[in-house]
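Comments concern the structure below.
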Amino acid sequence: MSNTSRRKWMLAGLGAAAGASGLAVAARLADRHGLIPPDAGHIYGPGAALTYATQRLLTEGSMAREFSRSQISARPFANGKPLQEAEFLRLQGGDSASGG
């Protein structure tokens, strides 16, 4: 005779069903409250979703600093010195007509 009884199998099945339904409810609640990232469908999805949700729950707000319109530069800062070639200066001046 085996040590597993019908009662043990039924309890294991009920436990599995309760766990699966608990996960489904948790996923639905997380989605409703915006705790699931848009890229959670790939191979690292569960880890990304857990990290994303944890950051949102612990920080209670925006992850990035927010600036007013007056603090945002109209032109981005260039890296290094601007080019001084004739073609670049012509295009920078707004002349986009083909040179030849």
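A few remarks follow.
- Which listed residue is at pLDDT 80 or above, surrounded by fewer than 11 Cβ atoms within 10 Å (Cβ to Cβ) and under 14 Å from the mean Cα position of the chain (by Cα), from Pro38, Pro46: Pro46
- Within the stretch 49-72, being small (Gly, Ala, Ser) and at pLDDT below 75 holds for Gly61, Ser62, Ala64.
- Top-ranked residue of the stretch 76-94 - restricted to ones that are at pLDDT below 75 and of a type outside the set (A, V, I, L, M), ranked as nearest to the chain's Cα centre (by Cα): Pro76
- Selection count where residues are among the charged types (D, E, K, R) and part of a loop (DSSP other than H, G, I, E, B), scope the stretch 10-44: 1
- Cross-chain or 6+ apart pairs with Cβ under 8 Å, the stretch 16-30 first and closer than 14 Å to Ala49 by Cα, then outside any helix (DSSP H, G or I): Ala27/Ile36; Ala30/Ile36
The values are calculated or read from the model by the stated rules, or taken from the named source; none is laboratory data. On a predicted model such as this, the values are computed, not experimentally measured, just so you know. FYI the Cβ positions are ideal-geometry reconstructions off the backbone, even for glycines, and counts take in every protein chain you see.
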